Amino acid sequence: MQNLRGLEMTQRDLAGRLDINVKTLRKWKKDRPKVYELLMIGLKAESMISNFKENCQELEKLIQSQDSTESEEPKNP
C-alpha cells in the first residue's frame, strides 16, 4: 500500500473516494502539483479532525467516569 503523505490509502482508494479515475489523479499529481498537494492537505486535515473528535469523546468518557467515581466515594467530615 502506498502511503500518500501520511494517509493510509492507495491512489486507487483515493481516486475511488473522489469519484475520479486513477489516471486523472496521476495527471493532477504530474501536471497540477499544487492541486494535488492541496488535496492531500485537505485529506490529512480531515483525518486529523476525525482523530481529534475521537480523542475528545474518549476524554469526555474518562472525565465522566472520574466524576461518577468521586460522587460514589464516601465523604469524610
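Among Ser50, Ile63, Ala15, which residue has its Cα furthest toward the positive end of the charge dipole of the stretch 11-69, with +1 on Lys/Arg Cβ and -1 on Asp/Glu Cβ?
Positive-end residue among those listed: Ala15.
Might you report the magnitude of the Cβ-based charge dipole of the stretch 11-69 about its Cα centre, with Lys and Arg at +1 and Asp and Glu at -1, to the nearest 20 debye?
Roughly 740 debye for the stretch 11-69.
Quick check of the Kirkwood formula: for the stretch 11-69, what is the inverse mean of 1/r over all pairs of different Cα atoms, in Å?
Over the stretch 11-69, the inverse of the mean reciprocal pair distance is 13.8 Å.
Any read-out appearing in this document is the output of simple, stated calculations on the displayed coordinates, not a laboratory observation. Everything numeric in this text was worked out from a predicted model, so none of it was measured. Please note: Cβ atoms are built from the backbone with ideal geometry, for glycine as well, and neighbour counts cover all protein chains shown.
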